[in-house]
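The values are calculated or read from the model by the stated rules, or taken from the named source; none is laboratory data. On a predicted model such as this, the values are computed, not experimentally measured, just so you know. Counting neighbours? That spans all protein chains shown, and the Cβs are built from the backbone with ideal geometry, glycine included.
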Amino acid sequence: MKPLAWAGVALVAAVPFTGIGNYPLHLVIMCLLWAYVYTSWSIMGRLGMVSLGHGAFLGIGAYAVVMLWNHFGLSPWIGAPVAVLMSLALAVLIGLPCFRFRIVGHYFALVTLALSEVTRLVIVALRDYTGGSLGATPNTALAQGNPWSLAAVQFSDKWVWFYVILGFWLGGLWIWARLDRSMTRLALEAISQEEDAAASVGINVTRSKLFVTLISAAMTSVGGVLYAQYQLYINPETVSGIGISLQMVFGAIAGGMFVMLGPTVGAVITLLLQEGLRLALGDAFKQFPALDLAIYGLMLVLFIIYMPKGILGAALEWRARRHATPAVAPR
Amino acid sequence: MEIFDIFLLEAVVNGILLGGLLALLSLGLNLIFGVIDVVWICYAELIMIGMYAVFVLHTQYGWPLLPAMAAGVGVVAALGAALHQFVIRPVLTAEPINQLLVTGGMLFLLQAAATLAFGIDFRNLGVRMTPIVVGEMSISAPRVIAFAAALAGVAATWLLLTRTYVGIAIRAISQDRAIMPLMGVNPNRVFVVTSALGGALAGLGACLLVLQYDIHPAIGLTFGPIVFLICVLGGLGNMLGGLVASFIFAQFISVGGFFLHIEWGYVIAFAFFIAVMFWRPQGILGAK
């Protein structure tokens, strides 16, 4: 598997050299970025903490970095750590009462759902600074003949962003794999099965849950920073609120949140679906702007009913069953 | 009395009126959770569909307002029953979180369906009523009507649950979901009836909201999260707790929105919610 994985990474890394146009390259970048964000979410989601509030962390990441740059002239190199710290503080504020007082399942999902909406409302309410629902654009540091600004983390060349986001995606997968092998994961799986029993064998429930939540929140807010710096336009609807929060959950679930590359597959599916519909529907797409959302919603409902482990999860299970069959029936 | 105090008093009165409406909305969600153990994330979107139903029947088909509203309640009740039968029922034995997410998918679907059918324009029923003037305060008439109708709806639901055969069956199921089938009760029938009842309450909420607010496909998002918070604060499935929480929250939104922007009212309400969670995590009236 190891050489295969390296070959896969090399193959992805070679994408900018294939001479695909700017737009396909942009799609690949967005795909990697969402893959990273969905992976960040699944770190927490697969261990029984289904958060519908990760839009809050994404929004803080995006807005903190742009606001500090626009209003205080602070470089994203300072803004990004500030954004991460703010997300961590919020994660503690929400996570601590939830985990200490056993707010799990439906309650946890609803509390986090409200958190993401409130974050969106705060961004809208601070419209004098954030531009409200109209969104915000970071002041450009790029001038004629100066396509790069390392201090402002603005690059007009897409391939630079490709490698930056590729790096974060690989880093996200690495953290996922690291956690997968850790004691914390085993502890949290025990907790998600039966919290009292887990506590009785000496697992610190609050600390284990908070640890994973902090990792997930920090990673997601970095995703927000990357989104803002790459897109150079942010909007409260697209980086926070219910829509994006549910999109993360569904992306991870559609791909399969219990396997490492599941969220990545989810990101690819979401993107292919969006682009496929755009191409297939052509002009009809322009006439009916919500058609893709309708099909998207319908697919999610069908997915959860018929394929709750996601595409990759179901495929791997099917393969495992096929390989196992001869061993079970050797007669 | 100073003019400032008059406005503050007006905000408090408006808060009480809003509280009645929120109580009605949270009652439907609480009922469904208490009985079926499922949270409809798309609950506010059902209300949105109900608002469009009343709007279309009244303005495009020229129905008088009251029959249009009755039909609106019927449409949402049928939608609730269908939602249970076709979406919730297949995942009833699946992981709880899948039940939550499947209704999240319905949220997108219903929003998109409304956008496809009606566009993203703001629609208005165009009903004008003269405000009710009490002393120096003027209170908008639709709010008073909504408050009275909402309380009537809450009371009717209460009577239904305590005085009728169906209501007793619903409460029995909510007390022990496992034992009732052994007593010969068909749980799915009770679930469908409960879903229809929850839908009817959403439909009634829609009729009252359509008098006060413009309709657009995303309107569910403006009050959906508040209703969720109210249900959690009151203790999910605890209807009396939801009632109390509704009035507390409505005051935060109305008075908070009076001193600052309306968004800050929501933010303060949320901060209060977090504080309560530290203090009484099982909800204000929830039993441990």
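Restricting attention to segment A:87-145, the residues that are without any contact (Cβ under 8 Å) to a residue 12 or more places away in the chain and over 16 Å from A:L52 (Cβ atoms) add up to 13.
Of the residues A:Y227, A:Y296, the single one that is among the aromatic types (F, W, Y) and at pLDDT below 85 is A:Y296.
Against the test of being modelled with pLDDT of 80 or more and within 14 Å of another protein chain (Cβ to nearest Cβ), the options B:G167, B:G105 yield a single qualifying residue, B:G105. Taking B:V134, is it within 14 Å of another protein chain (Cβ to nearest Cβ) and without any contact (Cβ under 8 Å) to a residue 24 or more places away in the chain? The answer is no for B:V134.
Tell me, yes or no, whether segment B:108-115 has at least one residue that is hydroxyl-bearing (S, T, Y) and either surrounded by 14 or more Cβ atoms within 10 Å (Cβ to Cβ) or part of a strand (DSSP E or B) (or both). Among the residues of segment B:108-115, at least one is hydroxyl-bearing (S, T, Y) and either surrounded by 14 or more Cβ atoms within 10 Å (Cβ to Cβ) or part of a strand (DSSP E or B) (or both), which makes the answer yes. Give the residues of segment B:215-225 that are facing chain A (nearest Cβ under 9 Å), in a helix (DSSP H, G or I) and buried (at least 24 other Cβ atoms within 10 Å of the Cβ), sorted by residue number. B:G224, B:P225, listed by residue number.
The condition (being within 8 Å of chain A (Cβ to nearest Cβ), under 15 Å from the mean Cα position of the chain (by Cα) and not small (G, A, S)) is satisfied by just one residue among B:F278, B:F249, B:F228: B:F228. Filtering A:F101, A:F57, A:F108 for residues that are modelled with pLDDT of 90 or more and either within 14 Å of chain B (Cβ to nearest Cβ) or under 29 Å from B:Q99 (Cα atoms) (or both) leaves a single hit, A:F57. Identify the residue in segment B:159-170 that is touching a residue at least 24 places away in the same chain (Cβ under 8 Å) and surrounded by fewer than 16 Cβ atoms within 10 Å (Cβ to Cβ) and, among all such residues, is farthest from B:L25 (Cα to Cα). By that ranking, first place goes to B:V166.
Just a yes or no: is a residue in segment A:115-129 of a type in the set (A, V, I, L, M, F, W, C), under 30 Å from A:Q193 (Cα atoms) and either assigned to a helix (DSSP H, G or I) or at pLDDT 85 or above (or both)? Checking segment A:115-129: at least one residue is of a type in the set (A, V, I, L, M, F, W, C), under 30 Å from A:Q193 (Cα atoms) and either assigned to a helix (DSSP H, G or I) or at pLDDT 85 or above (or both). Selection of segment A:164-180 for residues being exposed (fewer than 14 other Cβ atoms within 10 Å of the Cβ) and closer than 25 Å to A:P24 by Cα yields only A:G167.
Please indicate, with yes or no, whether at least one residue in segment B:143-157 is of a type in the set (D, E, K, R) and more than 9 Å from chain A (Cβ to nearest Cβ). Yes, that holds for at least one residue.
Taking first residues from segment A:159-183 that are on the phi < 0 side of the Ramachandran plot and partners that are among the basic types (K, R), the Cβ contacts under 9 Å between residues at least 6 apart in sequence or on separate chains come to A:L179/A:R185. So A:M67 clears everything in (1) in contact (Cβ under 8 Å) with a residue 60 or more places away in the chain; (2) surrounded by fewer than 24 Cβ atoms within 10 Å (Cβ to Cβ); (3) within 13 Å of chain B (Cβ to nearest Cβ) except one condition, right? Which one? (3) is the only condition that A:M67 fails.
Take A:M86 and tell me if it is aliphatic (A, V, I, L, M) and part of a helix (DSSP H, G or I). Yes, satisfied.
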